[in-house]
Amino acid sequence: MVPTAETRDPGPGVRVGLIYGLSAYIMWGVFPIYFHWVAHVPPLVVLCHRIVWSVLFLAVVVSVRGEWKSIGPAIRNRRNLLLLSAGATLIALNWLLFIYAVGSGQTLQASLGYFVNPLLSVGLGMVFLRERLRPWQWVAALIAMAAVANLTLRGGGFPWLAVSLAFTFGFYGLVRKTVDINSLHGLFIETALLFPLALITLGCWSGPQTSAGTFGLLSLAGVLTSVPLLLFGAALRRLPLSTIGFLQYIGPTLQFLVAVVLLHEPLDRGKLGSFALCWLAIAVYTVDSLLSHRPQAVADEPE
């Protein structure tokens, strides 16, 4: 995802992009409902189904779009293949942790992890990409750290799920930032790399037989994984990066509401205090971004 130097005037394309972006983040926000429905299936089995069905669905999409020629050069490049392999490992861990979080009644921790993630990404950019942080970005990052510390001290233990989700997704974004490939092709290659291991795992699974209804739900994992990504990719090509920055908080906000309202997870004072600190960090970061506003570029993916 590389920002172009050209600024586009708002118009129908931007409005359509906003619809795509909202749709993607809303789907990601209500994703815990789906994993709650398959919570009786072991997380590793759900993950393998997600990988297998994603590969099959994405292969159909690539075929329909006639883009197989664009994938060949990416996998023939050794550097790209190594980076995409690292990305595949990170995204698989992230998916597994999220599936486990929902299945074990810890969706609130998952939500906190994705709230922290954008601020963590800023820190990773500073460490690995030598990006400089503005003073108020430092403040936002410190407040986010305070949110984690508060949950550790008042929530009965270190929130390892939230931190692990933030780190795996943050490092995944860092790896993908260094690969010149769009989101569709990148995800297809990553899941294809994981496909053999996922298929072997499912073949060796000796647990209870999956019912037809559960199998039908699991087979939807590929569509539910890929469709929001395709919508997000379409939004990236039409929206300014700053707009995408605001939209990214819709997902964890909806996950928070799903956890509390639909899944009835307890929200004690310790958790609420951590979320309040996290929201404060986001507010500081957002206001700083607005005050440091520059001409908006439209995000574009390499084709």
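The numbers here are math on the coordinates, done by the rules we state, and not lab data. All values derive from a computational prediction rather than experimental measurement. Cβ: placed from backbone, ideal geometry, glycine included. Neighbour counts: every protein chain shown.
Below, the figures for the structure above:
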item: Where labels lie 7 Å past Cα in the beta-carbon direction, separation of PHE246 and LEU199 in nm; result: 4.6
item: Mean Cβ count within 10 Å, highest first, over the residues of peptides 111-123, 211-223; result: 111-123, 211-223
item: The chain - mean residue ellipticity at 222 nm from DSSP helices (-39,500 (n - 2.57) per run, n ≥ 4, rounded to 500); result: -25500 deg cm²/dmol
item: Span-like helix ranges in the chain, DSSP H, alpha carbon extent 27 angstrom or more, Kyte mean at least 0.0; result: 12-37, 43-65, 78-103, 107-128, 135-154, 183-204, 269-291
item: Cβ-placed point charges (K, R +1; D, E -1), dipole of region 10-300 about Cα centre in debye, nearest 20; result: 580
item: Reference-scaled alpha-carbon Rg (2.2 N^0.38 Å with N residues) for region 218-285; result: 1.41
item: Inter-site label distance for SER70 and ILE19 at 7 Å from Cα along Cβ, in nm; result: 2.2
item: Given charges at Cβ of Lys, Arg, Asp, Glu: the chain dipole, positive-most of GLY273, ILE19, SER289; result: SER289
item: Kirkwood hydrodynamic radius of region 113-214, Cα pairs, Å; result: 16.8
